[in-house]
Amino acid sequence: MTANDPAPVLSGEAPGELGLAGSLRFADVTGLLETLPVGAGAYQVDLSGLGAVDSAGVALILEWRLRLEAAGGTLTITNPPQRLVRLAGIGGVAKLLGLKTNEWGTADA
């Protein structure tokens with residue numbers, strides 16, 4: 001993480017509408033997973049505030065979704081940054097995250 005990449009911040013009340021902002025790179029996500037809410041209910045997370053994202057960020061969101069589903073909850077992602085969509089498409093996990101991509105790994109309109 002550099003000075004230009006703020007630490008990830010989760011806002012909002014769970015379950016319900018949440019926002020995730022900041023950087024989601026390997027150095028940023030190490031302890032974040034354990035702080036994310038997990039439980040029954042519908043969670044909607046707005047990712048429009050995300051900056052830098054790498055494959056560790058994609059893995060974090062996928063693991064969060066799987067933990068929620070195991071607890072009887074759901075996770076809906078809104079406003080994902082194009083980089084996250086592309087990485088999820090390349091990694092073959094876009095469908096698991098509920099993201100729609102085209103053949104180039106970018107978001108469908």
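The values are calculated or read from the model by the stated rules, or taken from the named source; none is laboratory data. Since the structure is predicted, the reported quantities are computational estimates derived from the model, not experimental observations. Note: ideal-geometry Cβ built from the backbone for every residue, glycine included; neighbour counts use all protein chains shown.
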Looking only at the range 60-82, and only at residues there that are part of a helix (DSSP H, G or I) and touching a helix residue (DSSP H, G or I) at 6+ places or on another chain (Cβ under 9 Å), the one that is surrounded by the fewest Cβ atoms within 10 Å (Cβ to Cβ): Glu63
Tally, over the range 19-34, of residues that are closer than 16 Å to Glu63 by Cα and part of a strand (DSSP E or B): 2
Some residue of the range 75-86 being in contact with a Phe, Trp or Tyr (Cβ under 6 Å, 6 or more places away or on another chain), more than 19 Å from Thr101 (Cα to Cα) and of a type outside the set (Phe, Trp, Tyr): no
Matching residues, the range 39-59, being surrounded by 15 or more Cβ atoms within 10 Å (Cβ to Cβ) and under 13 Å from Leu10 (Cα atoms): Tyr43, Gln44, Val45, Asp46, Leu47, Gly49, Leu50
Top-ranked residue of the range 39-70 - restricted to ones that are small (Gly, Ala, Ser) and either touching a residue at least 60 places away in the same chain (Cβ under 8 Å) or touching an Asp or Glu at 6+ places or on another chain (Cβ under 9 Å) (or both), ranked as farthest from Gly91 (Cα to Cα): Gly51
Residue, farthest from Val93 (Cα to Cα), within the range 13-38, restricted to residues that are charged (D, E, K, R) and surrounded by 15 or more Cβ atoms within 10 Å (Cβ to Cβ): Glu17
Candidate set: the range 1-18, residues that are over 17 Å from Thr76 (Cβ atoms) and not in a strand (DSSP E or B); chosen: the one modelled with the lowest pLDDT: Met1
Per-region count, the range 19-51, residues closer than 20 Å to Gly73 by Cβ, small (Gly, Ala, Ser) and over 12 Å from the mean Cα position of the chain (by Cα): 4
Residue in the range 35-46 that is in a strand (DSSP E or B) and among the hydroxyl-bearing types (Ser, Thr, Tyr) present: yes
